[in-house]
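Notes follow once the structure below has been shown.
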Amino acid sequence: MKMIKLALPLATALLMVVAGCSQQDAPAKPAATASNPAQSYADVAAKTKGFTVGAMMSANTVYVLFDPQCPHCGHLWQQSQPLLKKVKFVWIPVSFINAKSTPQGAALLTAGNPAELMTTHETSILAGTGGIAASASIPPEVETAIKTNTQLLNSMGVESVPYIMAKHAASGQVVTNAGAMETAALAKLLGVEIP
């Protein structure tokens, strides 16, 4: 009986690690994607605003739609770090979790060093301390960009973040994933080797 009592919380914790933050109060479920993934990928590339980290000259661009208040997004941020020498990531803030999402997303978009600020922010989120302090005074164009990012996420039928869109390095096919991933699984999804 003790084994079952211990196993249930452990299984729940493991499920949360690979899950995502949902736009509803219900548990996260796999995201639906538009009927044309290539078009959705092109729309994300052309219509969203994010910040870029990693191999800037890489032909392999990975788009990650995330809510700054999502701990699963923080986990993905940490797990993506070993791949930064091979892959260019564009982190695209959306806002649906709470009132802190938009100001924190704006702070990240306008930061002089968004990668450094994101690391500080996600460390705080994962520690349960709420993330970076951010001003409620947001430039209108930045607020509009975050609203546009969120609307595009919703138009694709995506219900949870982090949401990854990329082209597989070997096949060129658009690949997607809703939820956090460990480094090895992320590398496999993208078709790259871990350096």
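Cβ separations smaller than 6 Å between residues 6+ apart or across chains give the following pairs from region 175-193 residues that are on the phi < 0 side of the Ramachandran plot to residues that are in a loop (DSSP other than H, G, I, E, B) and exposed (fewer than 15 other Cβ atoms within 10 Å of the Cβ): A178/P30; A187/I194.
Give me a count of the residues in region 131-154 that are under 17 Å from the mean Cα position of the chain (by Cα) and small (G, A, S). Total satisfying the criteria: 2.
Name the residue, out of V142, V161, that is modelled with pLDDT of 95 or more and in contact with an Asp or Glu (Cβ under 6 Å, 6 or more places away or on another chain).
Being modelled with pLDDT of 95 or more and in contact with an Asp or Glu (Cβ under 6 Å, 6 or more places away or on another chain) holds for just one of V142, V161, which is V161.
Is it the case that some residue within region 158-168 is crowded, with 19+ Cβ neighbours inside 10 Å, on the phi < 0 side of the Ramachandran plot, polar (S, T, N, Q) and touching a Cys at 6+ places or on another chain (Cβ under 9 Å)? Yes - at least one qualifying residue is present in region 158-168.
Output yes when any residue across region 69-89 is modelled with pLDDT under 95, under 29 Å from E193 (Cβ atoms) and within 14 Å of the chain's Cα centre (by Cα), and no when none is. Within region 69-89, not a single residue is modelled with pLDDT under 95, under 29 Å from E193 (Cβ atoms) and within 14 Å of the chain's Cα centre (by Cα).
Within region 177-195, the residues that satisfy the criterion of being surrounded by fewer than 20 Cβ atoms within 10 Å (Cβ to Cβ) and of a type outside the set (A, V, I, L, M) are E182, T183, K188, G191, E193, P195. Count, please, the residues in region 44-69 that happen to be assigned to a helix (DSSP H, G or I) and within 23 Å of P140 (Cβ to Cβ). The qualifying residues number 3.
The values are calculated or read from the model by the stated rules, or taken from the named source; none is laboratory data. Remember, it's a predicted structure, so these values are computed and weren't measured experimentally. Cβ coordinates were reconstructed from backbone atoms using ideal geometry, including for glycine residues, and neighbour counts include every protein chain displayed.
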